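The structure appears below as structure tokens.
What follows draws every value from the coordinates through simple rules; no lab data is involved. These figures come from a predicted structure and were not determined experimentally. Note that each Cβ is placed from the backbone with ideal geometry, even for glycine, and that neighbours are counted across all protein chains shown.
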Amino acid sequence: MADTEPGAAAGAGKLGDDTQAVLQAARDTAGAYVGALHALRQLFAAEVGLARDALVQALVFLLLAMVMVATAYGLLTALLVAGIRSLGAPWPLAIAIPLLLSAGLAWLGVLRAKSLLRHADFEGTRRQIKLGLQGLPDQDAAP
């Protein structure tokens, strides 16, 4: 094979100007892509930091809102008990009515949360892992 290539015995010769230009253009293009990827990585890191800070602030305000709603709910319950009591109902009944109302609303909340958590089981991901990370049969036919 060495006999068929000219200049193989003497080693590789100097590249031509056109070849040098193509090689330099390829290096410049690769450098531009690396620079763009580096900039995107920095942008992503900044976005993650911003999202983290926003999430912490949102959770703080959500906690504050929950405290305010709980306070308002307690005051409304006390107002309801006072209203029932002013209608002449005994204390146990005046307290039992808001208690049963609160328990019923809590039960409805539990049922709704359980129905929503059905969607948080990563069923699609588990099914895909079970298939061995290969495409589903109907995906192979799609163009």
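The table below gives the values:
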item	result
Cβ charges +1 (Lys, Arg) and -1 (Asp, Glu), total dipole of the stretch 89-132, debye	280
Contour minus Cα-Cα distance for Val48 and Thr77 (0.36 nm per residue)	6.2 nm
Approximate spin-label separation Ala106-Phe122, in nm, with each point projected 7 Å along Cα-to-Cβ	3.2
Separation of the Leu23 and Leu64 label points, Cα + 7 Å toward Cβ, nm	6.4
Trypsin sites (Lys or Arg not before Pro) within the stretch 13-114, DSSP loop, no more than 11 other Cβ atoms inside 10 Å	Lys14
Extension gain, Leu40 back to Leu99 (0.36 nm per residue minus Cα-Cα distance, nm)	15.7 nm
